[in-house]
Each structure stands twice: as C-alpha cells, then as structure tokens.
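A short write-up of the structure that comes next.
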Amino acid sequence: MATSAKKEILEEVDRMADKALSLDPGSSEALRIRALAEMRLGDLEKAANSLRDAVEKSPQNVQAAVTLAATRLVQRDAPAAEAVMRKLVSDVPSAESWIALGHFYRLLGRTDEADQAVRKAAQIDPKHPGALFDLAMLQIRLKQMDEAGATLQRLAELPDPRFRDAHAMFLFNTGKRDEAIREFEKLFARHSEDRNTRTRLVMAYLATRRVPEAEKMLAGALKRNPKDTDALLLRAQLRLGADKRDEAAADLGQVLAMNPNSAEAHYWNSKVLRSKDNRRQSDQELGEVVRLAPDWLDARLELARSFREAHHPETALQYLDKMPDEQKGLLDSLIDRNWLLFDLRRDTELQALLKRALAVRRDPTFLLQQALLDMRQRQFAAARACLEEILRAKPEEYRAIDTMLALFLAENQRAASLDWLQQYVAQRPNSAPLRHMLGQWQAGSGDAKGARASYQQALALDPKYKPAQLELAKLDLATGSLGPARQVLEGLLKRDPRDAPARMVLASLEEKAGNFVAASEHYQVVLAADPNEAVALNNLASLLVAFTGNIEEALAHATKAYELAPGSSEINDTLGWIYYKKQVYQRAVPYLETAVRLRPNAIHKTHLGLCYHGLGRDQLAEKTIDEALALQPDLAEAQAAKLKVLATR
C-alpha cells in the first residue's frame, strides 16, 4: 500500500503506521512503512529520520537500512548512504547484508568493491541462493565459465524451486545445448507437475529447431487435459513461430474463452495481430495486457514504442507515466521516456533527467541522447565529448559512430567526416563491421572503388560476413555485373530463404534484367513476412502499374507505403504517378511536387511535367520536362514526354 501514488492513501498509511507505533514503540517495520509513505509524499528528510529510527530500533532490519541508504542517495548524499550500508554489514554480518552492499556498490559503479561483497556473502553462507546467484553472475562477467557452471550447479541442487533449472539454463546459454536439453528432460521427469519446467523444455526444443519433440510434448499434455491453458499458450507461440497465424489465434481464442483475463493470451494475440499487419487491434490487445497486468513492463514498453513508431509520442508518454513507480527508474523505462521527451522537444525536462541519470550511470544510450540533444542545441563540442566517451568504452557502438558522422555534417564538414572514419577504422584494423561501415560511407560519397575495397577487406576478415556480401552484390548490380551479383544473392538465399535484404536486392536485379514477374514474386515473398516493408510495397506498386495495368492494387500498395514512409521521394513519385495514370491529376500533383523537392532527378521531373500537361499547364510542363532533359538528355521517358507536350500545341 505504501507504494500507491494516491496521496490520500499514502497519508492513511502514515496514520496507520503512527497508530502501530503508539501500540508498539519498538516496531521498526512500522517505522519503515511510514518512511516509505513519507518518501512518496515528498518529505525525504522526515522519511530519513523515520528510517534512521527504524535502523536504530532494529539493526537486523536489512530492508530498513537499504531503504535509508536509498533515501540518502536520492538526497545526493552518497557518503552517508555508504555509511549506512557499511554499518549494516558491521552490525549484521549476514549474507543478506553483504548482498545488499554488493548491489549498492554496483549501482554506484564501484565494481571491485561490489565483487568483494558478493564473494563475502557466498563465504558467509555457501548455500544462500542469492549469494550463489550473484557469485555466478560475477564469475560469468569475469569469464570464469567453469567456476560459474559449478556455482550454478550448487544453486540448482538447493531445495528452492526457483533455481532448479539454473544450471540447465547456463548450459543452454553457453552453447552446450544438447547437454542442457538432457538436463531439462531429467528435471521434467522428476517434476512433471511443474509447468515452468515444461515451458523451459519446450522453449529449448524450439530454440534448437526440434519442433516435432515440442509438438509431441504439447500434444500429449493437451490430450491428457484439453483445458491446459499453459500448453495452449505454448502451442500458440510454436504455431506463430511457424507462421501458422490462424492456428495460433485459435489456440489463444480457446485460452481467452476459458480465461478472458489472461494477460499472457492477450499479449500473444497482439503478436498474431501485428503479424497480420493489424496495428490498431494489436495495440488494443497490448492495452488490455497493461490493464490486466500493470507491472508487465515489456508489454507496456512495446505499446509505447508502437505509438512512437506511429508518430503519437504524447500517447506513448502517457503509458510510460502510468507505469508502476518501482519500474520508472529502470534503465529501459528511463531510456524510452527520454526518447519521447526528445521527440516532443521537451528539452529542458530532458536535460534535467539526463543530468541526474549521467551523474549516477554513464550509460551509452544516455550519453547518445545527451549528444543528440546537444546537437539540436548546436552545442557541437559537448556532443562530440559525449560521443567520444561512448566510443572509448564501446569502440563498435555503431549508433555513436553514425551520430559522430552526422555531427560532422551538421558542422558542414563532409570531407572531415570521411577522414575521421578512415582514421577510426585504421586504428581497429581487425573489425569487419567497421570496414563495412566505412564502405557504406564511401559508397554514399560516390567512391565506389573505395567502397568495394572496404567490403572486400571486411570479407577477408570474416568470409561469412553477410552485410559486406550484400553490399558487393549491390555494387555489381549498379555496374551491370548481374551474373556475379546473382551468384552472391542466390547463395545468401539458399543459406537463409528468409533473408529479406538479399531478396530485395535480387528483386531489383530481376527488374534490371527485365524479369518483372520474378521481381514481383520476390517482393511478394518479402511482404508475406513483413507487410510493412515500405520499399517492397512501393516497388511492387511500380511494377504493377507499369506492366500489369492493375492500377487499383498498385494504388493500395503505394498508399500503404506512403503511410509508412511519407518522407520518401520514391514513394511520393510512385503514388503521384499512379494518380496520373488514373487521370486524377489534381491529386497527383502534390505527391509529384514533393518527390521533385526531395530528389530533383530527371524521372521525377518528367512525371511532374506530364502531370502539369494533364492539367493543361503546358508552359510549366514544358519547362519542367526541359529541366529533366538537362539533367539526363538520353532519358527516353523525358524525350517522349517532350514530344507529347509539343504535339498538343
């Protein structure tokens, strides 16, 4: 109750605690509860006094000491907070106290002291679950994998059912998947009534593509009990992963018929709906999840991100503001909220939050947000300092590299940006991703030869590095070397038929080769997997209007592409051209004018000129088409358009 956001409830908690104290002046727990209410009411000093009294009355109350230390941190008095925690381990040298101290030091970024506290906790109580878990996490971080495995084995052998699969999970996550599955199977044989153990085993089967075994296990469970909602939920996830969306929806429908308030069923139903390109109903289902399970953080964040993607940052922020208070300080929550404040240009509020966050934790995403905010305010030196700090800690943080390059452009230093990137990559010669990034920047600057060399260097470092293979295929396609490009692309798709980027490039290749049916089929495969792939929608629309005459289907695809990417010159041109073909010239003009404004190339100007001609504005039409011919004198479409305009004089 003391964590409620309603002031009147908090005040009632305070009164109840006072009443408890009048009956039992020595009640440290009543003091702690009252302190929590006082903290939420904004009276930090009063809360600190209550907590100090609680600790003095009951030194063994670890919760009270931790809450007092947290209060001191909120008051920006880290030395006082540390003194509280050090006194705790001195007065109560238990595993719980040392674990709490370890968490405290880790929060402050004092890793060595945190590690010492963890080891001390495990030494005091070698069978304490929390101590063993923290020790295993420490060993994993230090890459002491054998020791971590042994620690997690000890943890799994404890009677606490929460950790019985800890060692199996460790094996699975460290690549020993067959061994992990055997251990999961043994656990399930011993605890067949434990649905969590069954879930872990099914998920392990799915992750290793042992789908028939997962299906067999779930079929057996449902045969024994057709109303086993956990099994139905698992089977729905299995079917969704196999793209059997209707069957998944049927399983979820059964669960919801038996339990309309199943937050998990609503959550997975949102996934089914999103896979069917029904964003609105998917968001409604996520809203139902949040209503039924307000503390389901992932669902709330997904819903907020969906609204942000749909350009509704205000609505997204409302959902984040309504999350439980104990989640508001979590890293993902803070990061997502900051992005929304950035979108809403609430710079003063964002700056204050980033200042507080960075004072506690120099997280790369916080630093990136600070850099972007500084760039918007034209504080270029401050932005550069943030980006350099990120790259010192994480040299291959590509968002920071991209932002650094954007910073050079904001300062009108394009040449310097390429020089900086070349030097940066030269200092890290063994990174295939960085070589690939350099190639992309060179290609964007018109240096196809340099880009090809960089991609080839990336492949020399990692022959299976797919992004470099794909970019080389694009370069071959651009120079008309269709054979080599086709060989690379078909090889990529043979290894992974779901490789959408490779299929998109192969579709472009088929267009260039005149194989328009094959190109359309490739775009349709991409859209079957992702109905919101705007480029595929646009390109398919262009093919339909040019070679099939199916104007209405083309218009549907182009309209959807425009809704997804209204700032694309190509999509504006396609949509405008379709309206031109439909002879709805007045509707076509705004799209075609936008296309020319965004990218004034010859084909866009030709299309706009023809539309002006359709409206009877022949003088403007001729001028626009002449501009197209000046850009590309050999463009057949522009030449034909000029003749069409002249013929009607």
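The values are calculated or read from the model by the stated rules, or taken from the named source; none is laboratory data. What you see is a predicted model; the values in this text were computed from it and never measured. For neighbour counting, all protein chains shown are included, and Cβ atoms are generated from backbone atoms with ideal geometry for every residue, glycine included. All accessible areas refer to the heavy atoms of the entire protein, side chains included, with ligands and DNA or RNA removed. Shrake-Rupley method; radii C 1.70, N 1.55, O 1.52, S 1.80 Å.
Of the residues making up region 359-379, those that are open to solvent by 20 Å² or more (accessible area, probe 1.4 Å), closer than 16 Å to D347 by Cα and more than 20 Å from the chain's Cα centre (by Cα) number 5.
Among the listed residues R486, R452, identify the single one that is surrounded by 16 or more Cβ atoms within 10 Å (Cβ to Cβ) and within 23 Å of V535 (Cβ to Cβ). I'd like the intermediate steps shown before the answer.
Working: R452 fails: within 23 Å of V535 (Cβ to Cβ).
Selected residue: R486, the only one of R486, R452 that is surrounded by 16 or more Cβ atoms within 10 Å (Cβ to Cβ) and within 23 Å of V535 (Cβ to Cβ).
Tell me the residue from D298, D321, D277 that is of a type in the set (D, E), under 17 Å from the mean Cα position of the chain (by Cα) and surrounded by fewer than 20 Cβ atoms within 10 Å (Cβ to Cβ), please. Before you say what the answer is, go through the steps one by one.
Values: D321 fails: under 17 Å from the mean Cα position of the chain (by Cα); D277 fails: under 17 Å from the mean Cα position of the chain (by Cα).
Answer to the selection: D298.
Filtered by the rule that a residue be part of a helix (DSSP H, G or I), within 23 Å of P467 (Cβ to Cβ) and open to solvent by 60 Å² or more (accessible area, probe 1.4 Å), region 385-408 gives Y398, R399, D402. Could you tell me which residue of region 101-123 is modelled with the highest pLDDT, considering only residues that are under 23 Å from D77 (Cβ atoms) and open to solvent by less than 20 Å² (accessible area, probe 1.4 Å)? Among those that are under 23 Å from D77 (Cβ atoms) and open to solvent by less than 20 Å² (accessible area, probe 1.4 Å), it is A117. The number of residues in region 547-559 being within 37 Å of the chain's Cα centre (by Cα) and touching a residue at least 24 places away in the same chain (Cβ under 8 Å) comes to 3. Scanning region 82-116 for residues that are within 26 Å of P364 (Cα to Cα) and of a type in the set (A, V, I, L, M) yields a total of 5.
Of the helices (runs of 4 or more DSSP H) lying entirely inside region 554-649, those containing at least 3 residues that are open to solvent by less than 60 Å² (accessible area, probe 1.4 Å) and among the polar types (S, T, N, Q) are 569-581.
Would you tally the residues in region 336-350 being acidic (D, E) and over 21 Å from the mean Cα position of the chain (by Cα)?
First, the residues of region 336-350 that are acidic (D, E): 336, 343, 347, 349.
Next cut, over 21 Å from the mean Cα position of the chain (by Cα) only: 347, 349.
Residues flagged as acidic (D, E) and over 21 Å from the mean Cα position of the chain (by Cα) within region 336-350 amount to 2.
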